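Reviewing the structure listed below.
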Amino acid sequence: MADGFASRDERAAFIAGLPKAELHLHIEGSLEPELMFALAQRNAVAIPFASVEDVRAAYAFSNLQDFLDIYYQGMGVLIAEQDFYDLTAAYLARARADNVRHVEIFFDPQGHTARGVAFDTVIAGIARALDEARDRHGLTSRLILCFLRHLSEAEAEATLDAALPWLGRIAGVGLDSSEVGHPPSKFERVFARARDLGLKCVAHAGEEGPPAYVREALDLLRVDRIDHGNRSLEDAALVRRLTDAAMCLTVCPLSNVRLCVVDDIAAHPLRTMLDAGLCATVNSDDPAYFGGYVNANYQAVADALDLSRAELVALARNSFTGSFLDADGQARHLAEISAYA
Ligand code: ADE
Ligand code: ZN
(Lines give C-alpha, C1' and ligand atoms only; values in the text may rest on other atoms or scores of the structure.)
(Ligands and ions follow the chains in the order given, each with its own letter.)
Protein backbone atom coordinates (compact mmCIF):
# COMPACT_ATOMS: atom_id res chain seq x y z
CA MET A 1 0.00 0.00 0.00
CA ALA A 2 1.16 3.51 -0.75
CA ASP A 3 2.27 6.00 1.82
CA GLY A 4 1.61 4.38 5.15
CA PHE A 5 -1.87 2.95 4.67
CA ALA A 6 -1.97 -0.49 6.27
CA SER A 7 -4.93 -1.65 4.20
CA ARG A 8 -7.59 -0.72 1.68
CA ASP A 9 -9.99 -0.24 4.58
CA GLU A 10 -7.66 2.23 6.24
CA ARG A 11 -7.42 4.24 3.03
CA ALA A 12 -11.22 4.06 2.64
CA ALA A 13 -11.64 5.47 6.15
CA PHE A 14 -9.15 8.25 5.34
CA ILE A 15 -11.13 9.14 2.20
CA ALA A 16 -14.43 9.05 4.08
CA GLY A 17 -13.19 11.52 6.69
CA LEU A 18 -11.42 13.86 4.29
CA PRO A 19 -13.20 17.24 4.00
CA LYS A 20 -13.92 17.80 0.31
CA ALA A 21 -15.85 19.82 -2.24
CA GLU A 22 -17.73 18.45 -5.23
CA LEU A 23 -17.44 20.64 -8.34
CA HIS A 24 -18.96 18.49 -11.08
CA LEU A 25 -22.42 17.18 -10.30
CA HIS A 26 -25.46 17.34 -12.56
CA ILE A 27 -28.40 17.47 -10.19
CA GLU A 28 -30.59 15.62 -12.72
CA GLY A 29 -27.91 12.91 -12.79
CA SER A 30 -28.48 12.27 -9.08
CA LEU A 31 -32.03 10.99 -9.74
CA GLU A 32 -31.95 7.52 -8.23
CA PRO A 33 -34.28 4.91 -9.78
CA GLU A 34 -36.30 4.70 -6.54
CA LEU A 35 -37.07 8.44 -6.65
CA MET A 36 -37.71 8.21 -10.40
CA PHE A 37 -40.39 5.61 -9.73
CA ALA A 38 -41.92 7.58 -6.85
CA LEU A 39 -42.10 10.77 -8.93
CA ALA A 40 -43.46 8.91 -11.97
CA GLN A 41 -46.31 7.73 -9.75
CA ARG A 42 -46.84 11.09 -8.01
CA ASN A 43 -46.99 12.92 -11.36
CA ALA A 44 -48.68 10.17 -13.40
CA VAL A 45 -45.79 10.13 -15.88
CA ALA A 46 -45.29 6.89 -17.82
CA ILE A 47 -41.76 5.45 -17.76
CA PRO A 48 -40.64 2.52 -19.90
CA PHE A 49 -39.43 0.44 -16.95
CA ALA A 50 -41.24 -2.19 -14.87
CA SER A 51 -38.98 -2.04 -11.82
CA VAL A 52 -35.97 -0.38 -10.24
CA GLU A 53 -33.89 -3.39 -11.35
CA ASP A 54 -35.13 -2.82 -14.89
CA VAL A 55 -33.95 0.78 -14.73
CA ARG A 56 -30.49 -0.16 -13.49
CA ALA A 57 -30.19 -2.83 -16.21
CA ALA A 58 -30.78 -0.12 -18.82
CA TYR A 59 -27.72 1.79 -17.55
CA ALA A 60 -25.21 0.09 -19.86
CA PHE A 61 -23.66 2.76 -22.04
CA SER A 62 -21.15 2.61 -24.90
CA ASN A 63 -20.61 6.35 -25.11
CA LEU A 64 -21.86 9.74 -23.90
CA GLN A 65 -24.86 9.86 -26.26
CA ASP A 66 -26.17 6.46 -25.06
CA PHE A 67 -26.23 7.89 -21.56
CA LEU A 68 -27.71 11.25 -22.53
CA ASP A 69 -30.69 9.59 -24.25
CA ILE A 70 -31.62 7.85 -20.98
CA TYR A 71 -30.73 10.86 -18.83
CA TYR A 72 -33.12 13.21 -20.67
CA GLN A 73 -35.86 10.58 -20.55
CA GLY A 74 -35.30 10.04 -16.80
CA MET A 75 -35.65 13.72 -15.92
CA GLY A 76 -39.13 13.68 -17.48
CA VAL A 77 -40.59 12.68 -14.09
CA LEU A 78 -39.54 16.06 -12.60
CA ILE A 79 -42.54 18.38 -12.88
CA ALA A 80 -43.27 20.35 -9.70
CA GLU A 81 -41.14 22.59 -7.49
CA GLN A 82 -41.34 19.90 -4.78
CA ASP A 83 -39.82 17.35 -7.19
CA PHE A 84 -36.75 19.54 -7.73
CA TYR A 85 -36.55 20.11 -3.98
CA ASP A 86 -36.76 16.36 -3.26
CA LEU A 87 -34.13 15.58 -5.89
CA THR A 88 -31.71 18.18 -4.53
CA ALA A 89 -32.33 17.33 -0.86
CA ALA A 90 -31.60 13.66 -1.60
CA TYR A 91 -28.30 14.52 -3.30
CA LEU A 92 -27.27 16.86 -0.47
CA ALA A 93 -27.92 14.11 2.11
CA ARG A 94 -25.63 11.78 0.13
CA ALA A 95 -22.99 14.49 -0.16
CA ARG A 96 -23.05 15.14 3.58
CA ALA A 97 -22.66 11.43 4.26
CA ASP A 98 -19.44 11.61 2.16
CA ASN A 99 -18.15 14.54 4.23
CA VAL A 100 -18.60 16.94 1.32
CA ARG A 101 -18.49 20.47 2.75
CA HIS A 102 -19.19 22.50 -0.39
CA VAL A 103 -20.96 21.67 -3.66
CA GLU A 104 -21.11 23.40 -7.03
CA ILE A 105 -24.14 21.96 -8.77
CA PHE A 106 -25.05 21.98 -12.46
CA PHE A 107 -28.63 22.10 -13.61
CA ASP A 108 -30.01 21.73 -17.14
CA PRO A 109 -33.01 24.10 -17.39
CA GLN A 110 -33.53 23.35 -21.09
CA GLY A 111 -34.19 19.69 -20.21
CA HIS A 112 -37.23 20.96 -18.34
CA THR A 113 -38.44 24.06 -20.15
CA ALA A 114 -38.63 21.98 -23.37
CA ARG A 115 -41.26 19.85 -21.55
CA GLY A 116 -43.28 22.84 -20.38
CA VAL A 117 -41.80 23.08 -16.87
CA ALA A 118 -41.06 26.73 -16.03
CA PHE A 119 -37.48 27.84 -15.34
CA ASP A 120 -38.72 29.37 -12.06
CA THR A 121 -40.17 26.04 -10.89
CA VAL A 122 -36.86 24.27 -11.47
CA ILE A 123 -34.60 26.78 -9.75
CA ALA A 124 -36.99 27.51 -6.88
CA GLY A 125 -37.03 23.84 -5.84
CA ILE A 126 -33.27 23.43 -6.15
CA ALA A 127 -32.56 26.69 -4.30
CA ARG A 128 -34.91 25.81 -1.43
CA ALA A 129 -33.01 22.57 -0.76
CA LEU A 130 -29.64 24.37 -1.03
CA ASP A 131 -30.73 27.03 1.47
CA GLU A 132 -31.96 24.40 3.89
CA ALA A 133 -28.67 22.44 3.72
CA ARG A 134 -26.73 25.64 4.39
CA ASP A 135 -28.93 26.68 7.32
CA ARG A 136 -29.22 23.25 8.94
CA HIS A 137 -25.85 21.72 8.18
CA GLY A 138 -23.48 24.46 7.07
CA LEU A 139 -23.15 22.80 3.66
CA THR A 140 -22.40 25.63 1.23
CA SER A 141 -23.15 25.63 -2.48
CA ARG A 142 -23.02 27.40 -5.81
CA LEU A 143 -25.42 26.84 -8.68
CA ILE A 144 -24.23 26.63 -12.30
CA LEU A 145 -26.70 26.89 -15.17
CA CYS A 146 -25.67 24.66 -18.07
CA PHE A 147 -26.55 25.31 -21.70
CA LEU A 148 -27.28 22.18 -23.74
CA ARG A 149 -24.73 22.29 -26.54
CA HIS A 150 -26.76 20.14 -28.97
CA LEU A 151 -29.27 23.03 -29.06
CA SER A 152 -28.67 26.41 -30.71
CA GLU A 153 -26.95 29.45 -29.29
CA ALA A 154 -30.25 31.36 -29.67
CA GLU A 155 -31.87 28.82 -27.32
CA ALA A 156 -29.00 29.29 -24.86
CA GLU A 157 -29.57 33.08 -25.05
CA ALA A 158 -33.28 32.58 -24.26
CA THR A 159 -32.30 30.43 -21.27
CA LEU A 160 -29.96 33.15 -20.01
CA ASP A 161 -32.84 35.64 -20.39
CA ALA A 162 -35.05 33.38 -18.21
CA ALA A 163 -32.27 33.31 -15.61
CA LEU A 164 -31.97 37.10 -15.29
CA PRO A 165 -34.39 37.40 -12.33
CA TRP A 166 -32.35 34.71 -10.54
CA LEU A 167 -28.85 36.10 -11.07
CA GLY A 168 -28.38 36.45 -7.32
CA ARG A 169 -28.74 32.67 -7.04
CA ILE A 170 -26.61 31.62 -10.00
CA ALA A 171 -22.81 31.65 -9.74
CA GLY A 172 -21.99 30.66 -13.28
CA VAL A 173 -22.85 29.11 -16.60
CA GLY A 174 -21.63 25.82 -18.05
CA LEU A 175 -21.83 23.84 -21.25
CA ASP A 176 -22.85 20.19 -21.35
CA SER A 177 -24.60 17.47 -23.43
CA SER A 178 -23.34 15.98 -26.73
CA GLU A 179 -19.80 17.26 -27.16
CA VAL A 180 -18.52 16.10 -30.55
CA GLY A 181 -19.88 18.29 -33.34
CA HIS A 182 -20.85 21.05 -30.89
CA PRO A 183 -17.61 22.94 -30.19
CA PRO A 184 -17.35 25.74 -27.64
CA SER A 185 -17.10 28.27 -30.52
CA LYS A 186 -20.85 27.75 -31.10
CA PHE A 187 -21.53 29.53 -27.77
CA GLU A 188 -18.96 32.32 -27.79
CA ARG A 189 -21.49 35.19 -27.72
CA VAL A 190 -23.74 33.83 -24.97
CA PHE A 191 -20.73 33.12 -22.76
CA ALA A 192 -19.46 36.67 -23.34
CA ARG A 193 -22.84 37.99 -22.21
CA ALA A 194 -22.81 35.72 -19.13
CA ARG A 195 -19.34 36.95 -18.24
CA ASP A 196 -20.47 40.58 -18.62
CA LEU A 197 -23.28 39.77 -16.18
CA GLY A 198 -20.63 38.75 -13.62
CA LEU A 199 -21.13 35.01 -13.97
CA LYS A 200 -18.31 32.46 -13.79
CA CYS A 201 -17.83 30.32 -16.89
CA VAL A 202 -17.11 26.59 -17.11
CA ALA A 203 -17.47 24.08 -19.93
CA HIS A 204 -17.33 20.35 -20.50
CA ALA A 205 -14.39 19.90 -22.86
CA GLY A 206 -12.10 17.04 -23.77
CA GLU A 207 -14.46 14.35 -22.45
CA GLU A 208 -15.05 12.88 -25.93
CA GLY A 209 -14.04 15.96 -27.90
CA PRO A 210 -10.47 16.73 -29.03
CA PRO A 211 -7.88 18.96 -27.31
CA ALA A 212 -8.89 21.73 -29.75
CA TYR A 213 -12.23 21.96 -27.90
CA VAL A 214 -10.35 22.55 -24.62
CA ARG A 215 -8.37 25.33 -26.34
CA GLU A 216 -11.61 26.87 -27.61
CA ALA A 217 -13.11 26.74 -24.12
CA LEU A 218 -10.06 28.67 -22.85
CA ASP A 219 -9.70 31.12 -25.74
CA LEU A 220 -13.30 31.76 -26.78
CA LEU A 221 -15.41 31.03 -23.69
CA ARG A 222 -12.64 32.21 -21.31
CA VAL A 223 -13.60 29.55 -18.80
CA ASP A 224 -12.65 29.51 -15.13
CA ARG A 225 -12.65 25.68 -15.05
CA ILE A 226 -12.63 22.78 -17.48
CA ASP A 227 -15.08 19.95 -16.82
CA HIS A 228 -13.42 16.58 -17.54
CA GLY A 229 -10.52 17.75 -19.74
CA ASN A 230 -9.15 14.20 -20.13
CA ARG A 231 -8.13 14.58 -23.76
CA SER A 232 -5.95 17.62 -22.92
CA LEU A 233 -3.28 15.03 -22.16
CA GLU A 234 -2.91 14.38 -25.90
CA ASP A 235 -1.44 17.88 -26.32
CA ALA A 236 1.71 18.62 -24.26
CA ALA A 237 1.62 22.36 -24.97
CA LEU A 238 -2.00 22.49 -23.80
CA VAL A 239 -1.07 20.67 -20.58
CA ARG A 240 1.63 23.28 -19.94
CA ARG A 241 -0.87 26.04 -20.55
CA LEU A 242 -3.38 24.48 -18.12
CA THR A 243 -0.75 23.98 -15.42
CA ASP A 244 0.68 27.50 -15.87
CA ALA A 245 -2.83 28.92 -15.45
CA ALA A 246 -3.57 26.59 -12.47
CA MET A 247 -6.75 25.70 -14.36
CA CYS A 248 -8.91 23.29 -12.39
CA LEU A 249 -10.09 20.11 -14.15
CA THR A 250 -13.20 18.47 -12.71
CA VAL A 251 -12.42 14.82 -13.37
CA CYS A 252 -15.06 12.09 -12.99
CA PRO A 253 -13.48 8.62 -12.76
CA LEU A 254 -16.57 6.36 -12.58
CA SER A 255 -18.29 8.40 -15.30
CA ASN A 256 -15.22 7.97 -17.51
CA VAL A 257 -15.42 4.20 -17.10
CA ARG A 258 -19.19 3.95 -17.66
CA LEU A 259 -19.08 6.18 -20.74
CA CYS A 260 -16.02 4.37 -22.15
CA VAL A 261 -13.86 7.51 -22.04
CA VAL A 262 -11.26 5.20 -20.44
CA ASP A 263 -10.97 1.44 -21.04
CA ASP A 264 -11.06 0.64 -17.35
CA ILE A 265 -10.38 2.30 -14.02
CA ALA A 266 -6.80 0.95 -13.92
CA ALA A 267 -6.14 2.98 -17.09
CA HIS A 268 -7.52 6.19 -15.60
CA PRO A 269 -5.18 9.17 -16.22
CA LEU A 270 -5.75 10.85 -12.83
CA ARG A 271 -2.22 10.21 -11.56
CA THR A 272 -0.76 11.29 -14.90
CA MET A 273 -2.70 14.53 -14.47
CA LEU A 274 -1.39 15.09 -10.94
CA ASP A 275 2.17 14.21 -11.97
CA ALA A 276 1.93 16.73 -14.81
CA GLY A 277 1.04 19.41 -12.25
CA LEU A 278 -2.60 19.74 -13.30
CA CYS A 279 -5.13 20.90 -10.71
CA ALA A 280 -7.27 17.76 -10.98
CA THR A 281 -10.27 17.09 -8.75
CA VAL A 282 -12.48 14.02 -8.23
CA ASN A 283 -16.24 14.26 -8.79
CA SER A 284 -19.26 12.07 -9.43
CA ASP A 285 -20.87 13.71 -12.53
CA ASP A 286 -24.16 11.70 -12.60
CA PRO A 287 -23.88 9.42 -9.57
CA ALA A 288 -27.27 7.73 -9.92
CA TYR A 289 -26.25 6.55 -13.40
CA PHE A 290 -22.55 5.81 -12.92
CA GLY A 291 -22.49 3.76 -9.75
CA GLY A 292 -21.29 6.03 -7.02
CA TYR A 293 -21.12 9.37 -5.21
CA VAL A 294 -17.94 11.29 -4.55
CA ASN A 295 -16.31 8.94 -2.02
CA ALA A 296 -16.95 5.96 -4.31
CA ASN A 297 -15.11 7.87 -7.04
CA TYR A 298 -12.14 8.61 -4.77
CA GLN A 299 -12.20 5.01 -3.57
CA ALA A 300 -12.32 3.41 -7.02
CA VAL A 301 -9.49 5.47 -8.42
CA ALA A 302 -7.41 5.23 -5.21
CA ASP A 303 -7.66 1.43 -5.27
CA ALA A 304 -6.93 1.16 -8.99
CA LEU A 305 -3.95 3.54 -8.95
CA ASP A 306 -2.82 2.93 -5.35
CA LEU A 307 -3.09 6.64 -4.57
CA SER A 308 -1.06 7.86 -1.62
CA ARG A 309 -2.18 9.95 1.33
CA ALA A 310 -0.38 12.94 -0.22
CA GLU A 311 -2.19 12.45 -3.53
CA LEU A 312 -5.59 12.17 -1.83
CA VAL A 313 -4.89 15.31 0.17
CA ALA A 314 -3.83 17.12 -3.02
CA LEU A 315 -7.11 16.14 -4.70
CA ALA A 316 -9.16 17.39 -1.75
CA ARG A 317 -7.16 20.64 -1.60
CA ASN A 318 -7.67 21.15 -5.33
CA SER A 319 -11.43 20.76 -4.84
CA PHE A 320 -11.41 23.89 -2.68
CA THR A 321 -8.78 25.94 -4.53
CA GLY A 322 -10.67 25.18 -7.77
CA SER A 323 -14.01 26.18 -6.25
CA PHE A 324 -15.80 29.51 -6.52
CA LEU A 325 -15.54 30.08 -2.76
CA ASP A 326 -13.80 33.34 -1.84
CA ALA A 327 -10.22 33.29 -0.49
CA ASP A 328 -11.35 33.19 3.17
CA GLY A 329 -13.74 30.31 2.52
CA GLN A 330 -11.06 28.35 0.70
CA ALA A 331 -8.49 29.01 3.43
CA ARG A 332 -10.88 27.77 6.13
CA HIS A 333 -11.42 24.45 4.32
CA LEU A 334 -7.70 24.06 3.50
CA ALA A 335 -6.89 24.49 7.19
CA GLU A 336 -9.39 21.75 8.03
CA ILE A 337 -7.73 19.44 5.55
CA SER A 338 -4.30 20.18 7.03
CA ALA A 339 -5.61 19.47 10.53
CA TYR A 340 -7.19 16.22 9.34
CA ALA A 341 -4.14 15.01 7.40
N1 ADE B 1 -24.76 15.91 -18.94
C2 ADE B 1 -24.79 15.16 -17.84
N3 ADE B 1 -23.64 14.50 -17.69
C4 ADE B 1 -22.84 14.82 -18.73
C5 ADE B 1 -21.53 14.48 -19.14
N6 ADE B 1 -20.77 13.64 -18.47
N7 ADE B 1 -21.06 15.04 -20.28
C8 ADE B 1 -21.81 15.88 -20.99
N9 ADE B 1 -23.04 16.24 -20.64
C10 ADE B 1 -23.56 15.73 -19.52
ZN1 ZN C 1 -20.73 16.34 -16.52
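Data overview
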quantity: Carbon and sulfur %, accessible surface of the chain computed with the full protein complex present, 1.4 Å; calculated: 51
quantity: R115 paired with D135, simple spin-label distance in nm, labels 7 Å along Cα-to-beta-carbon; calculated: 2.8
quantity: Difference of contour (0.36 nm per residue) and Cα-Cα distance, L334 to D275; calculated: 19.2 nm
quantity: Highest average packing first - 26-38, 301-313, 199-211, Cβ atoms within 10 Å; calculated: 199-211, 26-38, 301-313
quantity: Sites R128 and A93, calculated FRET efficiency, Cβ-Cβ separation with R0 25 Å, nearest 0.05; calculated: 0.95
quantity: Largest to smallest principal axis extent of the C-alpha atoms in the chain, angstrom; calculated: 54, 43, 40
quantity: Residues in the stretch 297-341 that a label on A16 would reach, taking backbone N under 16 Å of a point 7 Å out along Cα→Cβ; calculated: 297-300, 303
quantity: Diffusion coefficient, µm² s⁻¹, Stokes-Einstein with Kirkwood Rh over alpha-carbon pairs of the stretch 147-250 at 4 °C and 1.567 mPa s; calculated: 95
quantity: Per residue accessible area in Å² of the chain, where ligands, DNA and RNA are left out and the probe is 1.4 Å; calculated: 37
quantity: Rg to Rh, two decimals, where the stretch 252-308 supplies the alpha carbon set and Rh follows Kirkwood; calculated: 0.94
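The values are calculated or read from the model by the stated rules, or taken from the named source; none is laboratory data. None of these values were measured; they are calculated from a predicted model. Heads up, the Cβs are rebuilt from the backbone with ideal geometry, glycines too, and the neighbour counts pull from every protein chain shown. Each accessible area value is taken on the protein alone, full model and side chains, heavy atoms only, with ligands, DNA and RNA left out. Shrake-Rupley method; radii C 1.70, N 1.55, O 1.52, S 1.80 Å.
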